[in-house]
2 protein chains.
Amino acid sequence: MPLDGTNKPKVVVTRDLGPDVMPLLTKRDDIEVVLWADDSVCDRQWLLENVKGATGMVVVFSELVDAELLDAAGPSLKVVSTMSVGYEHIHVPELVKRNIRIGYTPDVLTDAVADISVMLALMAGRNARETMGIVREGLWPRSIWAPFAFCGPQLSTSGNSASRTVGFLGFGRISQATLKRLIPFGVTDCIYSSNPNSPSASKKERDEAILKQYSPQLKSLRGVDTDTVARESDVLFVLTPGGPSTRHLVNEEFLRKMKEHSVIVNAGRGTVVESDALAKALREKWIWGAGIDVVEGEPNVGKDHPLVKEPRCNILPHIGSASFETRLAMATLAVDNCLAAIGGQNMPAELDVRID
Amino acid sequence: MPLDGTNKPKVVVTRDLGPDVMPLLTKRDDIEVVLWADDSVCDRQWLLENVKGATGMVVVFSELVDAELLDAAGPSLKVVSTMSVGYEHIHVPELVKRNIRIGYTPDVLTDAVADISVMLALMAGRNARETMGIVREGLWPRSIWAPFAFCGPQLSTSGNSASRTVGFLGFGRISQATLKRLIPFGVTDCIYSSNPNSPSASKKERDEAILKQYSPQLKSLRGVDTDTVARESDVLFVLTPGGPSTRHLVNEEFLRKMKEHSVIVNAGRGTVVESDALAKALREKWIWGAGIDVVEGEPNVGKDHPLVKEPRCNILPHIGSASFETRLAMATLAVDNCLAAIGGQNMPAELDVRID
């Protein structure tokens, strides 16, 4: 395509990506940038109108990229680049049909989400929500110290408690980064249950390498069934993709198998954990506590949501990737993906639609 | 002393140490146990009466062990064993004068406090109090996602942010255990300021060993002045003993030197940090956030305390050692100390009064 200034490719950007990233687009004189500049969800009607004749789009997960939007854009559209690792909002087959490339932002949020996962595991065990509430509500002066008051299960091993098993539902990059952070807490055993379709030979090799790396602290690393993950985990991390195959994997049956002093962390997808079952498990003390960054049906999670009412449930409003460093990396990658595709080059992170 | 059953040594215990630990005393038929069994602070009058003729006392930090109490006990008293690492409640010279041994519980709480320190560092950076508040107060459905909403500084290094300096005021066991946990988060540099009276030759050797252990991840480990700790730390941990020499070490002058995106964690002693100065630093955004387990004047910290009013201040009601595993170890050690002293044996953890 001739980039001659009279027929510049148009890029529609559905959110302001900030002063560090927007110039990557706006300082290019060979591109026309159309920005939804308001600090709100991009208006659908505005988008349908402005996308006409666009070559590229940089979107966030609040934009539904469906046939209607693609038809509105027309045949000029070469790429849809989303500033997210998930792409549930993109109707992939519709883009494949039209030969439109898809950019996304995997990998760069691994560290931020692993940090949140460790934080939630500690908060769930050590009763952060309840104890912070005591201070916030002015009850500290009246609270009476007792040898075991406010106690919870300790994440770290110690003299009288020499082993810890961490479990993972899903054992991808974020799970592995979380495990890495937990090794100096004295974790001795790791179990996981993951996609049964991945080739088991490559898993075996990977697991041997991980075990060797963390030896002698880590004594075992095993791929197991979900039943075993439920029964044996002291700390369970839900870090599996969403979608129908993992929906309500953590339900009442699963939670009833867990240890009384175990904690559950969900920094993956809200749909994997059945909210009512988790609320019941906390209320009836089948498990010790929970730390969750995602909830099924979010953000429509109000004060009267069963999990919001449970004092042992530490809930964050999906901030797993919300660090300056990571969001900057995600926004930069989203722009780089878009520009590369417009230039007909290899995209730094293009979705491989064959596996979808 | 003849343990003949008619003249059993009496042990006064000022709080119920629970079903796992109390039998270590009550199942001994050569000892008389007198217990303040109520789940409240031991009544002073009750204690003054019951301590008469006691050989040992197992206390917690709410009991003031002063000349009055020791005189009430009389010359039979051989040992005061406290279930705490601090001994501000014990008038040590009075015990030395009377040749009464002192037991305490160091070391066993190292892991629990290091866990809380890491948790508070993560919470302070990732805005845990503010973001949990959004969910608790039912505001999540109305919150608008934006590329940098809810963002805070990331504890872990990542591609676009490759170095992290952690600083410590005090570099004893708990600081070292905290550093150990932070290594896989990608910490590259560690600075500390500690007691200038410790011999620097032994520090040099220790530091070389630590640096070697965490190499190549950790690039540097240096003892520096407090000014440098203030200026260079991305995450600052206050883990120094209390007392006059460290009182208000973190004051307005110190806080003004800190980085805008830095966070401060206090899991040591409340007196080290001047509360009004920290509240001002948070309000005026000299630093990013704080995570504190101790506050000067605790537990008299009500709703209107300046730190309780700061949304960037994550406050816990002094639960650093409050894990089941650790409190069990502390209670067991307190009893073991008492029994050893009564039997005239080496105590597992006797306070060396020469250094006090």
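Helix content alone sets the calculated 222 nm mean residue ellipticity of chain B: runs of n ≥ 4 DSSP H residues at -39500 (n - 2.57) each, divided across all residues, give -9000 deg cm²/dmol. Between chain A and chain B, roughly 7000 Å² of accessible surface gets buried, counting both sides and using a 1.4 Å probe.
A cut-off under 13 angstrom between Cβ atoms defines the neighbours of A:Val13, and their net charge, with Lys, Arg +1 and Asp, Glu -1, is -1. Think of each Lys and Arg Cβ as +1 and each Asp and Glu Cβ as -1; about the Cα centre, that makes the dipole of the protein assembly as shown roughly 880 debye. With R₀ set to 35 Å, the beta-carbon distance separating A:Asn7 from A:Asp107 gives a calculated FRET efficiency near 0.50.
If you place +1 on the Cβ of every Lys and Arg, -1 on the Cβ of every Asp and Glu, and leave all else neutral, what size is the dipole of segment B:110-315 about its Cα centre, to the nearest 20 Debye?
Dipole size: approximately 380 debye.
Once the mean of 1/r is taken over each pair of separate Cα atoms and inverted, segment B:205-263 shows a Kirkwood hydrodynamic radius of 13.3 Å. Largest first, the three principal axis extents of the alpha carbons in segment B:110-315 are 58, 42, 30 Å in whole numbers. Grouping the Cα pair distances of segment B:281-344 into 10 Å bins from zero gives a pair-distance distribution of 18, 32, 22, 17, 9, 2 percent in increasing distance order. Think of chain A as a dipole: +1 on every Lys or Arg Cβ, -1 on every Asp or Glu Cβ, centred on the Cα centre; then among A:Val60, A:Gly74, A:Tyr192, A:Tyr192 lies furthest on the positive end.
The Kirkwood hydrodynamic radius of segment A:309-356, based on inverse pair distances between different Cα atoms, is 13.6 Å. Between copies, A:Asp276 shows label-point distances of 5.5 nm, shortest first, with the point placed 7 angstrom from Cα along Cα to C-beta. Which whole-angstrom value gives the distance between the alpha carbon centres of segment A:30-70 and segment B:1-60? What the calculation gives is 74 Å, centre to centre.
Counting from the shortest, the label point at A:Ala201, 7 Å from Cα toward Cβ, is 6.1 nm from the same position in each remaining copy. Value of Rg to Rh for segment B:48-194, rounded to two decimals, is 1.21; Kirkwood radius and Rg both from alpha-carbon coordinates.
With Rh defined as the Kirkwood radius, the inverse of the mean 1/r over Cα pairs, the Rg/Rh of chain A is 1.03. So if R0 is 45 Å, what FRET efficiency would A:Arg256 and B:Ser198 give, r being the distance between their Cβ atoms, rounded to the nearest 0.05? It comes out at approximately 0.25. Restricting attention to segment A:110-315, close to 5% of DSSP beta bridges with both partner residues there are antiparallel.
Projecting the Cα atoms of A:Pro147, A:Gly243, A:Ser220 onto the charge dipole of segment A:110-315 (Cβ charges, centred on the Cα centre) puts A:Pro147 farthest toward the positive pole. Using the Cα centre of segment B:280-356 as origin and beta-carbon charges of +1 (Lys, Arg) and -1 (Asp, Glu), tell me which of B:Gly297, B:Ala334, B:Ala322 is placed farthest towards the positive end of the dipole. Ranked along the dipole, the leading option is B:Gly297. If you add up the charges near B:Cys42, with Lys and Arg at +1 and Asp and Glu at -1, over every other residue whose beta carbon is less than 12 angstrom from its beta carbon, what do you get? Local net charge: -4. Extending 7 Å from the Cα toward the beta-carbon at both B:Val96 and A:Glu94 defines two label points whose distance is 8.1 nm. In the structure shown, the pairs A:Lys78/A:Lys204; A:Lys259/B:Lys203; A:Lys212/A:Lys285; A:Lys180/B:Lys204; A:Lys219/A:Lys303; A:Lys204/B:Lys203 are assessed against 32 Å; a Cα-Cα span above that value is assigned to A:Lys78/A:Lys204; A:Lys259/B:Lys203; A:Lys212/A:Lys285; A:Lys219/A:Lys303; A:Lys204/B:Lys203. Note on chain B: antiparallel DSSP beta bridges, both residues inside, total approximately 5 percent of the bridges counted. Classified by the C-alpha gyration tensor, segment A:17-122 has a prolate form. Its axis ratio a/c, with a ≥ b ≥ c, is 1.5 or above, and a/b is larger than b/c. Remark on segment B:314-355: accessible area falls by at least 20 square angstrom from chain-alone to full-complex state for B:Ile315, B:Leu316, B:Pro317, B:Ile319, B:Ala322, B:Ser323, B:Phe324, B:Glu325, B:Arg327, B:Leu328, probe 1.4 angstrom.
Output the Kirkwood hydrodynamic radius of the protein assembly as shown, Cα pairs only, in Å rounded to one decimal.
The answer is 27.7 Å.
If you take the square roots of the eigenvalues of the alpha-carbon gyration tensor of segment B:107-164 and sort them as a ≥ b ≥ c, do you get rounded (a/c under 1.5), prolate (a/b over b/c) or oblate? Since a/c reaches 1.5 but b/c is at least a/b, the shape of segment B:107-164 is classed as oblate. Protein heavy-atom accessible surface, 1.4 Å probe, per residue over chain B: 41 Å². The magnitude of the dipole of chain A, with charges of +1 and -1 set on the Cβ of Lys/Arg and Asp/Glu and taken from the Cα centre, is near 1080 debye.
Rounded to the nearest 5, what % of the DSSP beta bridges within the protein assembly as shown are antiparallel ones?
In the protein assembly as shown, DSSP labels about 5 percent of beta bridges as antiparallel.
The distance from the alpha carbon centre of segment A:110-183 to that of segment B:324-356 is 28 Å, rounded to a whole number. For B:Arg222, the distances from its label point to the matching points in the remaining copies are 4.8 nm, ordered from shortest, with each point set 7 Å beyond Cα toward Cβ.
Carbon and sulfur: what percent of segment B:110-315's accessible surface (1.4 Å probe)?
Carbon-and-sulfur percentage of accessible area, whole number: 50.
The values are calculated or read from the model by the stated rules, or taken from the named source; none is laboratory data. Everything numeric in this text was worked out from a predicted model, so none of it was measured. Neighbour counts run over all protein chains shown; Cβ positions are idealised from the backbone, glycine included. SASA here: full protein model, heavy atoms, side chains in, ligands and nucleic acids out. Shrake-Rupley method; radii C 1.70, N 1.55, O 1.52, S 1.80 Å.
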